[in-house]
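Single-structure report; data block below.
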Amino acid sequence: MNGQPSGEPSWRKPAGIFLILLLISVWAVIVVTASPWIGRLHPLLQAPVYIVAGIVWILPLKPLLAWMETGRWHWGPRKNTGGH
C-alpha cells in the first residue's frame with residue numbers, strides 16, 4: 001500500500017466512531033458520578049475541575065484518529081521492517 005486511498009471503505013472508521021461515542025459516554029458517566037463531590041467544592045474550584053474534565057477526554061482521540069486513518073496508533077512515517 002502506497003499511502004493513497006484505495007477507494008474501499010475501511011472497517012476502522014465505523015469502529016473508531018463507535019469507540020469515540022463509547023469514550024464520550026463513559027467519560028460523561030464518570031463526570032456525572034463525580035458531580036456530587038465536585039458540587040461540594042467552592043464554585044471557584046468547581047470551574048477548573050469541569051474545564052479539565054471537559055478537555056481530558058480529548059487526549060485519547062489523537063491516537064484513535066491516527067488508527068482510524070492509518071491503521072497505526074501514531075502519526076508519522078511507517079517504519080521499514082525490511083519486508084516488502
Nitroxide proxy distance, nm - points 7 Å out along Cα→Cβ at Leu19 and Gln46: 3.5 nm
Cβ crowding within 10 Å averaged over residues, with 26-36, 57-67 ranked highest first: 57-67, 26-36
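Could you rank the peptides 42-52, 13-23 by their average count of other C-beta atoms within 10 Å per residue, with the highest value first?
Values: 42-52: 10.4, 13-23: 12.9.
Averaged packing, sorted descending, gives the order 13-23, 42-52.
For Val32 and Trp67 in the same chain, what is the full-extension length gain: residue separation times 0.36 nm, less their Cα-Cα distance, in nm? Each step should come with its number before you reach the end.
Values: separation 35, 0.36 × 35 = 12.60 nm, distance 2.89 nm.
Gain in length upon complete extension: 9.7 nm.
Throughout, read-outs are computed from the coordinates displayed, never taken from laboratory work. It should be emphasised that the depicted structure is a prediction, and the values quoted were computed from it without experimental measurement. Using ideal geometry, Cβ is built from the backbone for each residue, glycine included, and neighbour counts are taken over all protein chains shown.
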